[in-house]
Structure formats: structure tokens, C-alpha cells
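Worksheet: one structure, shown below.
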Amino acid sequence: MASSLPPPPGDLMPSAEAGLESMEGLALDTVISRAGARPAAALACASKRLRAAVADDSVWRRFCADDLGLDAPVDPDGRPLPSFQVAYKVWLESFGMYPLPLVKRVKEFWSSMKSWLSENFPEAFKTLCKGVSEAQLKSAEDDLGFKLPMPTKLLYRFCNAQLPFSDNDDANKRISTYGLIGGYAFYDHWANVHLSPLEQIVEETKEFYRGFPDVFYGRNLIVVATSWFHPKTFLLNCSNGELYVGTNHLPDGEMLPCVPKASIKPTDNDFPQDGLLLWLEEHLRRLKSGMIKTRMLFKSRYISLYPEAPPSCTSAVTNGVKVRASAVFVPEYPKTVRRQERCMYTYSIRMSVPEACMLGGVYYSSCQLFSRHWTIRSRDRAVCEANGEGVIGKYPVLSVGKDEFVYESCTPLPEGPGSVEGSFSFVPGKYVLILIEVYLWLSHPEGKPFEVMVAPFPLEVPEYIF
């Protein structure tokens, strides 16, 4: 073990060695543990007594925990090893070319992400691929013609992202909603973003260079994530570590930054962090906190980017009817239209009757939506008033204890930040809508119509864009 760990700068002085020789048990163990793995390896060369003290596996248990985040003696593939000392040696041989704090950070990210997926989204967990080797990374860099950022390389050493899309449409459809990043669906616009494996990165990046040479030339951009449905592309600048998402004007070079620039430190020796690592860590934080969750889309589960917790998700209860609402910035829509800045947002409305619908002291077990009214504001100025019957062509019935009725729509905003607020008109009980000529009439309502409020929810371009 000692020979695999180079000694620290400067040899230990004889007086220091003599002092360590005179120490007993716990005191000596404490000094060795605090010294770190490399000085401990150097101490093992000094004498038989120090070699025996350094060989104690409890010392290497601490080194493995502190330096690598290991709680068991396993190799990088999870296979058991005979001791923590052997484990430290194996990990150092595999990842010694990287700063160990970064190795630990990336390892803990993937361990936590896989744990969340395994418990909450096993379908997506099954699409994750085994990590690549240094040789495969070197081959990819040779094909691309430039180096990948250190954090990105480590991300792919631990996990080669998700299964690549193929020429088999049936196979693609099976995994199409299992994107690690997730997405949204409104009207005929679907976006679900998958993290690309290394081989797909190289292939799609070359295609982009051929298709958009003016955008890519000299910028060392790679395609790191894409959507199977509506085109949505995330690109990493390997020179400065910045992550971008392309709009529909990507052929003209229109891209939006996805991560706060001030957080990116691509050249820090101890804790380099590029946009991709920061982006994935923030995504995991939102998943673990419950800010975003999985939902069903048709018959498939997917990670929904519509926020589920305050302050991004608002909630209001009127006469027993609960309405939750939140919005997501849609970056793939053009940012500039006819020389005017605008943003597109998709919003999700969730309606339910948790206990009972109460109106005028009378309880009803159900109620039905008839109409809606929206006020859309930009910088506290009303820019749009919208009224209409139903929602997305439906007149949902809400019943006590039933699942939420969920629908999604969208709205442009000329400038931000902004907000949406409004109300729904409901009628107690369950009624029938009758079409007479071009008018809709209510048949057999059980009570008078009442308004259900929608608490204002924000429309804003976030610091982290997904």
C-alpha cells in the first residue's frame, strides 16, 4: 500500500518519527488519522511499529469515508474488497488523476440520484448505463478535437447517463418519457429531456457542427441532453464550463444560460465545478425536496417540471374546492420575435375537493367547472384578460376524495417577471351540458354558481433552466 501512495512534500524529520514511536494506542491512531492517507503511507516506511499502526483497517475506514465517501470496502463497481486499505488503493488507482474532493462529490451525487430513481422512478433507473473508462473518454476527446471539463468526465466515469436513442422506434417510445431531467406537456407540445450517453454526445455534436457551423465553430460546444419529443437541446461549453439551452432559433445562435455564471469554477484545483455538474445537483435537490415529482402522461410515468411546493406552487381553497397552480419557463420557444423580447410559460392547474363542497351552509359531494377567468400581469401591469368556458375543452366534475383534475396550458409574456391569477366558475352537484345551436346550457344544477379563486402564481425566468 505504501508504494502506491507517494509521500507528502518533504520527508518526516527523525525527531518527528521518534516522537510518534513513543506514542501509545489511541493517541497514535488519532495522529495518523488526522495526517491523512498519503502521510500515513509514508509513515509505514519508517518502522515496523508505525507500519503496524498504519495497517490497522479502522484507520483506512476513516480515510475511505473522509476522502471518498465510502462506508464499505468496495471497488468503484460496488464489488466487495477484503479491507478498507485495499479499497483506498483501488479507488486511488482508478481516480487518482482527479482531486479526491471532486471524486467524492460526484460519487455522492450519483449514489443519491440512483437511490431516488430506484425508489420513485424505477423505469428511469433501468435506463442508466455503467460508467465509461478513461480510455473511452480519451477517445471521445480525440473525436471531438478538444478536452472535456474535469467534472463532466467524472460524471461519465461513474455513470454513462441514459440508454441512447436508436433507429428502433418501438424501443424509443418505451423510454421516451423516462428522461432523467423530465419535462412538460401542454396541447401538442411535449418535451422530455434525457441525459445523453458519451457515444451519443459525440455523434450528435458532430451532427450539430455540420448543421450549424456558424454557431459551433471555435466554441467547443457539446450536446449533453436532448428531448425525444419536441426538440430541446442542452449544450455545454467545454472551454468555460457554461451550460446553455437552445431556443427554436438555435440555428441563428440563440441560446440561454442554464446555470448562474458566478457559480462555475472550471479551473479550481480542489473543487472545479462546471455547469453540467451544478445543473444536475440542483435538479437532484428539487427531486429530493419534493419541489418536482413524477406524474403520469398517458400510460407512462415521467418527471414533471411543474413545481409542487411553495413559493413556486400556490394554493387556495374556496368553498371546499382546492386549486393548486404553478408555471414553468419554456426556453425552447424563440426569445426574440419580430425584434421584441418575449417569454413562453406553461402552467399546470390542479383542482380537487379534499373533504366537501360547501355553499350557503349546504354540503355537496361534487361540483362541476363551467367557466374560467384569467388576469396575466407583467411587472405588475395587466397585459391580458382571458375569459372562456371550460378548460382545454373539458368541464371536469370534482368529487370528494377523488384524485386532482390536472390540466396544462401556456401563455406568452412580453417581459418579466410576471404572474397569473384568476378564478373558475363552478356549479354544485353534477350536471349535464346541453348544446343548443351554439350555446351551452346547464341542465339540473343543484345550486347556484360560485367562484373559486386561483392564488397568483409567478411567471419568471429562473436561475436554473431545465
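The values are calculated or read from the model by the stated rules, or taken from the named source; none is laboratory data. The structure displayed is predicted, hence computed values, not measured ones. As a convention, Cβ positions derive from the backbone with ideal geometry for all residues, glycine included, and neighbour counts pool all protein chains shown.
Every residue, every condition in (1) in a loop (DSSP other than H, G, I, E, B); (2) in the same structural domain as I264 (by TED's automatic domain parsing); (3) under 17 Å from D77 (Cα atoms), yes or no:
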{"position": "K104", "(1), (2), (3)": "no, yes, yes"}
{"position": "M113", "(1), (2), (3)": "no, yes, yes"}
{"position": "E141", "(1), (2), (3)": "no, yes, no"}
{"position": "F165", "(1), (2), (3)": "yes, yes, no"}
{"position": "D170", "(1), (2), (3)": "no, yes, no"}
{"position": "G179", "(1), (2), (3)": "yes, yes, no"}
{"position": "G183", "(1), (2), (3)": "no, yes, no"}
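Screening E341 on (1) over 30 Å from Y464 (Cα atoms); (2) surrounded by fewer than 13 Cβ atoms within 10 Å (Cβ to Cβ) shows it passes everything except condition (1). Restricted to segment 264-280, and to residues there that are surrounded by fewer than 16 Cβ atoms within 10 Å (Cβ to Cβ) and without any contact (Cβ under 8 Å) to a residue 40 or more places away in the chain, the residue that is nearest to R342 (Cα to Cα) is K265.
Are any residues in segment 134-164 closer than 19 Å to T226 by Cα and either modelled with pLDDT under 95 or surrounded by fewer than 20 Cβ atoms within 10 Å (Cβ to Cβ) (or both), and if so, which ones?
Hits for segment 134-164 are A140, L144, L163, P164.
Here is a list: A87, A135, A124. Which entry is aliphatic (A, V, I, L, M), closer than 23 Å to L163 by Cα and either over 27 Å from the mean Cα position of the chain (by Cα) or not in a helix (DSSP H, G or I) (or both)?
Values: A87 fails: closer than 23 Å to L163 by Cα; A124 fails: either over 27 Å from the mean Cα position of the chain (by Cα) or not in a helix (DSSP H, G or I) (or both).
From the options A87, A135, A124, the qualifying one is A135.
Exactly one residue out of S312, S326 is out of contact with any Lys or Arg (no Cβ under 8 Å at 6 or more places or on another chain), assigned to a loop (DSSP other than H, G, I, E, B) and not assigned by TED's automatic domain parsing to the domain that holds G211: that is S312.
So is G183 buried (at least 18 other Cβ atoms within 10 Å of the Cβ) and farther than 18 Å from E281 by Cβ or not? Steps first, please.
On the way: buried (at least 18 other Cβ atoms within 10 Å of the Cβ): yes; farther than 18 Å from E281 by Cβ: yes.
Yes: the conditions hold for G183.
Look through G241, G253 and report the one residue that is in the same structural domain as T152 (by TED's automatic domain parsing), in contact (Cβ under 8 Å) with a residue 24 or more places away in the chain and crowded, with 17+ Cβ neighbours inside 10 Å. Working first, answer last.
Details: G253 fails: crowded, with 17+ Cβ neighbours inside 10 Å.
None of the others qualify; the one that does is G241.
Say whether the condition of being under 23 Å from Y306 (Cα atoms), at pLDDT 85 or above, touching a strand residue (DSSP E or B) at 6+ places or on another chain (Cβ under 6 Å) and among the hydroxyl-bearing types (S, T, Y) is met by at least one residue in segment 355-370.
Going through segment 355-370, the residues under 23 Å from Y306 (Cα atoms) turn out to be 369.
Among the residues that remain, those that are also at pLDDT 85 or above are: 369.
Cutting the leftovers down to touching a strand residue (DSSP E or B) at 6+ places or on another chain (Cβ under 6 Å) gives us 369.
Next, from what is left, pick out any that are among the hydroxyl-bearing types (S, T, Y): none.
Looking for residues that are under 23 Å from Y306 (Cα atoms), at pLDDT 85 or above, touching a strand residue (DSSP E or B) at 6+ places or on another chain (Cβ under 6 Å) and among the hydroxyl-bearing types (S, T, Y), one finds none in segment 355-370, hence no.
The sole residue among R377, R350 that is assigned to a strand (DSSP E or B), of a type in the set (K, R) and within 27 Å of the chain's Cα centre (by Cα) is R350.
Given the criteria closer than 25 Å to L297 by Cα and outside the structural domain of W190 (by TED's automatic domain parsing), does L369 qualify?
It is true that L369 is closer than 25 Å to L297 by Cα and outside the structural domain of W190 (by TED's automatic domain parsing).
Tell me whether segment 253-271 contains one or more residues that are part of a loop (DSSP other than H, G, I, E, B), touching a helix residue (DSSP H, G or I) at 6+ places or on another chain (Cβ under 7 Å) and at positive phi. Checking segment 253-271: at least one residue is part of a loop (DSSP other than H, G, I, E, B), touching a helix residue (DSSP H, G or I) at 6+ places or on another chain (Cβ under 7 Å) and at positive phi.
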